[in-house]
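Here the structure is laid out as structure tokens; the discussion comes afterwards.
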Ligand code: PMP
């Protein structure tokens, strides 16, 4: 199989990630923070060291406030539902994934909050000044993803973060597609809430992600329960990470995420970015020479994460994906990629698109095979 669905989850995982997940079940097979014996303590230290390492990587000044979740969807729900109060108003981008759009719409439909969407242009770009124009006195949250899972486009989060800082409004960033591939400094970008998954460009296993909550932001916990601390008290602990981390954590997932981040650091985030950029740029250049292929998103000269969304003539995206799979053994994603808003923006609201997303292990030969298949389908 030639794998082009890295935006959904990266595959394969690096060998050290596979090893770390297996080893965790042996070396870290006890609940962290609960027992008073060696293996429980060792597990607690591994979880805590992973938290510190991730916080350093994303420049989150208070590491204990970086909490482990089951993934970006959980992180985004915890942030949105924990922060917003009745009467609140949220300004969000018209490129958001359903992991943001649906919880926001749920709260709106239940009469809790009101919403303003900042529309994207036909290339899926968002302007920070449009965020400024949508602000109201009661605006209580700004939300923008860092990079689009549909177009690969990179959003102006530093500018939106500066606006949020200036107005004292919390800023939530969905970094699912950028964590590990783009430079991301939470403190410098004015990010109050940072959500990401571990299983994409951080090369961890599925089922582990993070939410960072900057000091000063108060979240009501979406999930309450055992934390191994203050167990006599019915109240959820106020201190982090326990405030938002109840129940037995995904220890093998966290160990795998730790090894995934080590893999990124060993290869050099800068080098990985360059490799992605040159492969994506080359793919785009070659696509431009194939007739009947429409590529959506920012112009090819603009930097993007390694995501390419296209359609081939009038071919239905699901049909195109089936041909790619059956005739060429190529795995892509077809349809709406859980992000109907972005498809409306770029003009594919009626049918979606075919998405090729690249990863560390994508080779030039893989891209050549994809180009050959696309060319054949385009006739
Ligand atoms: N946001 C974006 C932009 C995404 O691409 C994804 C993954 N498709 C998510 C959120 C949800 O991530 P997860 O499936 O890890 O919860």
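The values are calculated or read from the model by the stated rules, or taken from the named source; none is laboratory data. For clarity, every value in this text was computed on a predicted model and none was experimentally measured. A quick note on method: Cβ atoms are made from the backbone with ideal geometry, for glycine too, and the neighbour counts reach across all protein chains shown.
Can you tell me which residues in the range 1-32 are farther than 30 Å from residue 353 by Cα and surrounded by fewer than 19 Cβ atoms within 10 Å (Cβ to Cβ)?
Passing the criteria: 15, 16, 18, 19, 22, 23, 25, 26, 27, 29, 30, 31.
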Discussion item. I'd like to know if the range 235-251 contains one or more residues that are within 16 Å of the ligand (Cβ to nearest atom), assigned to a loop (DSSP other than H, G, I, E, B) and crowded, with 22+ Cβ neighbours inside 10 Å.
Written reply: yes
Worksheet item: Take the residues of the range 128-143 that are in a strand (DSSP E or B) and closer than 27 Å to residue 337 by Cβ: which is nearest to the ligand (Cβ to nearest atom)?
Response: 143
Response to the item:
Turns out the strands (runs of 3 or more DSSP E) fully within the range 272-359 with at least 2 residues that are within 16 Å of the ligand (Cβ to nearest atom), in contact (Cβ under 8 Å) with a residue 40 or more places away in the chain and more than 22 Å from the chain's Cα centre (by Cα) are none
Discussion item. I need a count of the residues in the range 72-89 that are surrounded by fewer than 23 Cβ atoms within 10 Å (Cβ to Cβ) and either closer than 16 Å to residue 192 by Cβ or away from the ligand (no atom under 12 Å from the Cβ) (or both).
Written reply: 9
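Within the range 62-100, which residues are part of a strand (DSSP E or B) and either without any contact (Cβ under 8 Å) to a residue 60 or more places away in the chain or under 26 Å from residue 349 (Cα atoms) (or both)?
If the condition is that a residue be part of a strand (DSSP E or B) and either without any contact (Cβ under 8 Å) to a residue 60 or more places away in the chain or under 26 Å from residue 349 (Cα atoms) (or both), then 88, 89, 90, 91, 92, 93 are the ones that fit.
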Discussion item. Taking the criterion of being in a helix (DSSP H, G or I) and either within 16 Å of the ligand (Cβ to nearest atom) or under 28 Å from residue 309 (Cβ atoms) (or both), would at least one residue in the range 111-127 satisfy it?
Written reply: no
Worksheet item: Got at least one residue in the range 201-211 being modelled with pLDDT of 95 or more and more than 16 Å from the ligand (Cβ to nearest atom)?
Response: no
Response to the item:
Those residues of the range 26-49 that are within 20 Å of residue 240 (Cα to Cα) and assigned to a helix (DSSP H, G or I) come to a total of 10
Fill in: Residue check, residue 14 touching a helix residue (DSSP H, G or I) at 6+ places or on another chain (Cβ under 9 Å), in contact (Cβ under 8 Å) with a residue 24 or more places away in the chain and more than 30 Å from residue 342 (Cα to Cα)
yes
